[in-house]
Amino acid sequence: MACCDTTSTRYNITCKQAVDLILSIAIKDLNSIAIDVTGWVFACKVRSSVSDEVILTPSVTIADAVNGVATLRILAADTAAVDPFIGFYDVIATRPDDVVVSVFAGNFELTETASR
């Protein structure tokens with residue numbers, strides 16, 4: 001499988017423990033033109049550090065392929081039993097031509113929910 005790294009965007013995420021997190025992702029080129037993501041397969045992993053075990057595996061699905069829109073989801077049930085932490089995540093995609101691209105990455109913080 002070929003691999004390359006595009007100029008991925010850095011985006012920090014704060015997620016509340018035991019609360020659904022749903023983010024819409026617009027994938028665009030350097031000229032802010034939507035990239036058709038038809039046939040792309042996305043993956044996302046959250047770790048406390050790059051070399052640590054995976055803590056969360058958010059789902060990333062295509063919402064509107066032609067307009068380059070995907071949705072990242074972490075369900076409340078996925079974080080309910082996880083202690084608050086600060087770590088890292090990334091979203092990568094494998095295109096139909098088997099090229100792997102970095103879509104975006106950043107810090108990830110799971111915080112307690114004060115209202116529960």
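Read-outs throughout are calculated quantities, based only on the coordinates presented, and are distinct from any laboratory measurement. What you are looking at is a predicted structure, and each value in this text was computed from that prediction instead of being measured. No Cβ is skipped: glycine too gets one built from the backbone with ideal geometry, and neighbour counts run over all protein chains shown.
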For the range 9-111, the dipole about the Cα centre with charges only on Cβ (Lys and Arg +1, Asp and Glu -1), to the nearest 20 debye, works out at 160 debye
Lys/Arg Cβ at +1, Asp/Glu Cβ at -1, dipole of the chain taken about the Cα centre: which of Thr61, Ser24, Ala34 is farthest positive-ward? Ser24
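Please give the FRET efficiency for Thr113 paired with Ile33, using the beta carbon to beta carbon distance and R0 = 41 Å, rounded to the nearest 0.05. If you can, show how the numbers build up before the last one.
Working: r = 38 Å, r/R0 = 0.93.
It comes out at approximately 0.60.
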Computed label-point distance, nm, for sites Lys45 and Phe85 using a 7 Å Cα→Cβ extension: 1.3 nm
Per-residue HN-Hα couplings for the range 50-65, Karplus 6.51 cos²θ - 1.76 cosθ + 1.60 at θ = phi - 60°, whole Hz, x for Gly and Pro? 4, 8, 7, 4, 6, 9, 9, 10, x, 8, 10, 10, 7, 9, 8, 4
Amide H proximity to Ile35 below 5 Å, modelled H, separation 5+ or other chain, gives Ile27, Lys28, Asp29
Note: Ser102 to Thr61 extended length (0.36 nm per residue) minus current alpha-carbon separation gives 13.2 nm
DSSP-defined beta bridges in the range 9-111 - what % are antiparallel, rounded to 5: 85 percent
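Which whole-number percent gives the relative contact order of the range 9-111, counting Cα pairs below 8 Å spaced six or more residues apart? Before the final figure, lay out each step's value.
On the way: 238 pairs, mean separation 38.8, N = 103.
That works out to 38 percent.
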